[in-house]
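Have a look at the structure below before the remarks.
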Amino acid sequence: MSSATRSGRTALPPEEPLIPQRRGGTGAYWLYLLPGFALLLIVVIVPLLWNVYLTFTKWKGVRTPEFIGLENWQKLFTDEDFWTSFQNSVWMIIAMVVVPTIVGLIVAALLFDVIGRKFGGKVGSFLRATYYLPQILPIAVAGIVIGWIVRPGKDGALNQILSWFGMPAYDWLGQMPSALIVLMVVMVWVQLGYPVVVFMAALQRVDPELYEAAELDGANWFQRFSAITMSIIRPEIFVVTLTCTIAALKVFGPVYIITRGGPAGSTLVPAFYAYQEFFTKRNVGYGATIATVLTIVVVIVSIVFIRVQNSIERKERAGL
Amino acid sequence: MARNTRRTKTLAALAALTATGLALAGCTPGGSDEGGDGQTLKLWHYESEDSAMGKAWTEAIKIFEEETGAKVEFEEKSFEQIQKTASQVLDTDAAPDLMEFNKGNATAGFLASTGLITDISDAVDEYGWADKLAPSLQTTAKYSDDGVMGGDAWYGIPNYGEFVGVYYNKDAFAAAGLEIPTSYDEFVDVLDAFVAKGITPLAEAGAEYPLGQLWYQLALMEGDRGFVDDYQLYKDPVDWQGPEITSATQTLKEYVDKGYIASDVSSIKAEDAGVSFINGTSPIFVSGSWWYGRFVNEATGFDWTMTAFPGADLSLGSSGNLWVVPENAANKELAYKFIDITMRPEIQAIIGNNGGLPVAADPADITDPKSSELIETFNGILDQDGLSFYPDWPAPGFYDVIVQELQGLITGSQDVETTDDNLGKAYDEGTADFR
């Protein structure tokens, strides 16, 4: 890394305006930040530290926790369910991040660039809202409907459709890997609206003349998409990917409603596993250990994402 | 700026992750005996208004207020709500004076062992409640210091009982030319006969309790009271590769293989299984007396009956949920008076005439013939000391383990031996603290 780049890191970016500094220091400003810090301390830091402390204890949720050292942490390494739950997190990331982001990008570009131009903004907005609908729908309600669709036997809507083509009924949520696949499909459906809405908002920033100029130069839709759309909405892609990855790691509601971790624990995810240990087995110490690992993973993922994004932004600025 | 926003988001994510821990950790002991005015009874229960117990207790509240002049401050709770959060609330001065709570080692026993609910033995002696309760009903009301049921101290009083038996669609039997079985061999013959006619005879649900209860009933067919005491009261270690458990798991697998149970029940919930009996799809349903009232109202398209599991000396079942008095209750004397009213014949009769199983009713007060039939079956089980509790009771969280392991068995993803091994491992781990 050259010294020029290093000095570039510390220099203020040209587009960020200078905030005028008041003479006499910034001591008074800290006073205004105190309530925020107090809340942060009470709501986040103290419970976090307490949670970490509980990982070294055996506790049933009442009376005094019993200190047991590293026992909970040792148990994690040989606990198959724990490792299964994190493996399933990878599938959740595919269903909640990878697929929705890629498909969302294409859908947003099509709605904005093709549908919006041919049928007007209202049609585009209407379609955007329909994609966003599953995000608004409470998962408890959606779960009931999904249950009807994938019911085993001849009553299930999906099995009825299959029967029209002479295919046998299948126990979608009762077998592996179909239970996990159903959960993943549901999560794609739930998540898709979020990137579509964010990407479409980002596309408003694109100067239409850019597209027109590219079209005049003979660029086809895919070339315009990759050269213009992708580069302009890159910050939004980062935000969507980061927030969706965190959501995928923490996913709880859909698993609780649709599969309860079954069949035979095959759709277990860390948050649901921690919940089971906390509330049904009353192994609060072990539940806290799982939650702490999950927290560490989320923090690491967030730091990596933010660093990668900053690095790309720096390179872009340096390029400019 | 953007970076700060993301940092805040990360912190918010951390807050969300630790919220569960906070919910448990935030409550600290702070009980108080203050606030007892002797005029207000703070009461929590989770029975729906139109259930047998709900109706009985509404009447009991009315009588209590008339007779004592005190006011009942009733808060309707859900079963889940009390189950999951009661232990934290009971440790504070927000505890009620009287509360309905689930019976068993992992529930009422746990509260008893932590000192969160009151040893009410003196009140039991004073009011003479023990005389009204059969011995197997008393087991779930009395706990040891470690919270194991069947102990010496009274921690709760049940008003009603429950058991698991077999519901038969009599019309479907008649149509198939079959008789209601009276022995286990006849039961199996009936299952074979239905399968031969292309009918899957048993309504089942692998995602919830019915399958686990059938599994335990099959273990009880091979076991005796000694097995139940070992399994439920930890008298001796349970052999998870022994004849009772092996037979139960093997037989359950055969039920699936032979088509007695549909192969696709692993994701079915109890409600769906019950409905398949109500709508006549399945002619036989092995489940609890808690369905009885509903079947009276809804399974009206055909004639049906319920018996204890054929050929069984032991049946799943117990007292119903318990009235418990929190240690931090402000008005314990009022609580005892209320419990006493719920044991009166007129209140017990309301339970009995609405599809419930009263524990201290005068048989002459039960006017409904269908209810009489049910109570007669229950009393038959009580007379032979046949109540054997439920398979998930011995260890906290064992319910989920049973569901998951039996799902593994019936979907063919694991064999009988592995299933028993896994169950045994979870059982031993979960019961270690009580031994």
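The values are calculated or read from the model by the stated rules, or taken from the named source; none is laboratory data. None of these values were measured; they are calculated from a predicted model. For neighbour counting, all protein chains shown are included, and Cβ atoms are generated from backbone atoms with ideal geometry for every residue, glycine included. These accessible areas exclude ligands, DNA and RNA; they are computed on the full protein's heavy atoms, side chains included. Shrake-Rupley method; radii C 1.70, N 1.55, O 1.52, S 1.80 Å.
Observations, loosely collected:
- When the helices (runs of 4 or more DSSP H) confined to segment A:95-178 are screened for residues that are surrounded by 19 or more Cβ atoms within 10 Å (Cβ to Cβ) and within 14 Å of chain B (Cβ to nearest Cβ), those reaching at least 1 such residues are found at A:139-149, A:157-164.
- Some residue of segment B:163-171 being in a helix (DSSP H, G or I) and among the charged types (D, E, K, R): yes
- Within segment B:368-407, considering residues that are among the β-branched types (Val, Ile, Thr) and in the same structural domain as residue B:205 (by TED's automatic domain parsing), the one nearest to residue A:84 (Cα to Cα): B:401
- Taken over segment A:99-114, the criterion of being farther than 17 Å from residue A:207 by Cα and among the hydrophobic types (A, V, I, L, M, F, W, C) is satisfied by A:99, A:102, A:103, A:105, A:106, A:107.
- Any hit, segment B:261-278, residues being surrounded by fewer than 16 Cβ atoms within 10 Å (Cβ to Cβ), more than 14 Å from chain A (Cβ to nearest Cβ) and farther than 17 Å from residue B:419 by Cα: no
- Checked against (1) out of contact with any helix residue (DSSP H, G or I) (no Cβ under 9 Å at 6 or more places or on another chain); (2) under 22 Å from residue B:186 (Cβ atoms); (3) within 14 Å of another protein chain (Cβ to nearest Cβ), residue B:254 meets all criteria but (3).
- Residue B:216 over 30 Å from residue A:153 (Cβ atoms), in the same structural domain as residue B:404 (by TED's automatic domain parsing), open to solvent by less than 50 Å² (accessible area, probe 1.4 Å) and not in a strand (DSSP E or B): no
- Count of residues meeting criterion [aliphatic (A, V, I, L, M) and free of Cβ contacts under 8 Å to residues at least 24 places away in the same chain] in segment A:265-304: 7
- Selection within segment B:407-424 - within 12 Å of chain A (Cβ to nearest Cβ) and of a type in the set (Asp, Glu): none
- Residue, nearest to residue A:263 (Cα to Cα), within segment A:54-88, restricted to residues that are free of Cβ contacts under 8 Å to residues at least 12 places away in the same chain and within 13 Å of another protein chain (Cβ to nearest Cβ): A:80
- Residue that is farthest from residue B:433 (Cα to Cα) [pool: residues in segment B:225-243 that are open to solvent by 40 Å² or more (accessible area, probe 1.4 Å) and touching a helix residue (DSSP H, G or I) at 6+ places or on another chain (Cβ under 9 Å)]: B:243
- Evaluation of residue A:210 against (1) part of a helix (DSSP H, G or I); (2) farther than 23 Å from residue A:317 by Cβ; (3) not acidic (Asp, Glu) (one fails), failing number: (2)
- Qualifying residue in segment A:276-284 (condition: crowded, with 20+ Cβ neighbours inside 10 Å and among the aromatic types (Phe, Trp, Tyr)): yes
- If you go through segment A:115-143 and pick out every residue that is of a type in the set (Val, Ile, Thr) and under 23 Å from the mean Cα position of the chain (by Cα), you end up with 4.
- The residues listed here are B:104, B:165, B:212; of these, the one that is within 14 Å of chain A (Cβ to nearest Cβ), modelled with pLDDT of 95 or more and touching a helix residue (DSSP H, G or I) at 6+ places or on another chain (Cβ under 8 Å) is B:212.
- When the residues of segment B:225-262 are filtered to those that are over 21 Å from the mean Cα position of the chain (by Cα) and charged (D, E, K, R), the one that is nearest to residue B:414 (Cα to Cα) is B:253.
- Identity of the residue in segment B:58-86, under 19 Å from the mean Cα position of the chain (by Cα) and outside any loop (DSSP other than H, G, I, E, B), that ends up nearest to the other protein chains (Cβ to nearest Cβ): B:84
- Residue check: residue A:205 meets all listed conditions (1) surrounded by 19 or more Cβ atoms within 10 Å (Cβ to Cβ); (2) basic (Lys, Arg); (3) more than 14 Å from chain B (Cβ to nearest Cβ) but one, namely (1).
- Restricting segment A:52-72 to residues that are touching an Asp or Glu at 6+ places or on another chain (Cβ under 9 Å) and in a loop (DSSP other than H, G, I, E, B), the residue that is surrounded by the fewest Cβ atoms within 10 Å (Cβ to Cβ): A:63
- Residue check for residue A:263: under 17 Å from the mean Cα position of the chain (by Cα), of a type outside the set (A, V, I, L, M, F, W, C) and over 30 Å from residue A:108 (Cβ atoms): no
- Residue match in segment B:129-140 (condition: out of contact with any His (no Cβ under 6 Å at 6 or more places or on another chain), free of Cβ contacts under 8 Å to residues at least 12 places away in the same chain and in a loop (DSSP other than H, G, I, E, B)): no
- The residues listed here are B:209, B:160; of these, the one that is aromatic (Phe, Trp, Tyr) and either open to solvent by less than 20 Å² (accessible area, probe 1.4 Å) or in contact with a Pro (Cβ under 8 Å, 6 or more places away or on another chain) (or both) is B:160.
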